[in-house]
Amino acid sequence: MQLLLVSGLAGIVFFRTTLLQEIVEFYVSEVGMHVWLEEEDCVILSHGNLLLGFCHRETPEVDGMITFFYPTKEDVDAMYDMLSHIATSKPTIFEKYQIYQFFAQDPEGRAIEFQSFLRPIEPIGF
């Protein structure tokens, strides 16, 4: 077996979807992700070092939560301003984890979180 290493690539989280084009359009147009790779029935999107794959299947996979990290509270507020029409909460501070966050849902009902840490965090090294 040959291992192909793509610089900085550590993994991809895949989800089944019945609405491939609508989901891709949502994450690109609404959330600001970028198409990284397109396959026949799968599309892999990127947001920084987060890679999400969506593959067309007969039943969707909507369990769990997708979290998008932003450097500042102001970035989270800007995302809320753009996504308030699908938000399920307003931005708030969650003291236990020292984060600022709000929640929303994608077109298939997946929970998505937009957050910023309110304390210094270590950078991730690859």
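FYI, it's all coordinate maths here, none of it is from the lab. Quick caveat: nothing in here was measured; it's all calculated off a predicted structure. Neighbour counts run over all protein chains shown; Cβ positions are idealised from the backbone, glycine included.
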Can you put Arg110, Arg57, Arg16 in order of Cβ neighbours within 10 angstrom, beginning with the fewest? Arg57, Arg16, Arg110
Considering only Leu37, Leu52, Leu20, give the residue with the highest GNM mean-square fluctuation for the chain, with springs between Cα atoms whenever their separation is below 10 Å. Leu37
Rounded to the nearest 0.05, FRET efficiency between Val13 and Asp75 (Cβ-Cβ, R0 22 Å) equals 0.50
Between the Cα axis of helix 73-83 and the main Cα principal axis of the chain, the angle (0 to 90°, nearest 10) is 60 degrees
What list do you get for Val13, Val31 if you sort them by fewest beta carbons within 10 Å? Val13, Val31
Given that compact globular proteins tend to follow 2.2 N^0.38 Å, what is the ratio of the alpha-carbon Rg of region 9-126 to that value? 1.08
Amide H to amide H, which residues 5 or more places from Leu51 or on other chains are under 5 Å from it, using H placed in the peptide plane? Val13
Report the antiparallel proportion of the DSSP beta bridges in the chain as a percent, rounded to a multiple of 5. 70 percent
Stretched fully, the stretch from Phe94 through Phe117 gains (0.36 nm per residue minus C-alpha distance, one decimal, in nm) 7.3 nm
Residues Ile86 and Val28, FRET efficiency given R0 of 22 Å [Cβ-Cβ distance, rounded to 0.05]: 0.90
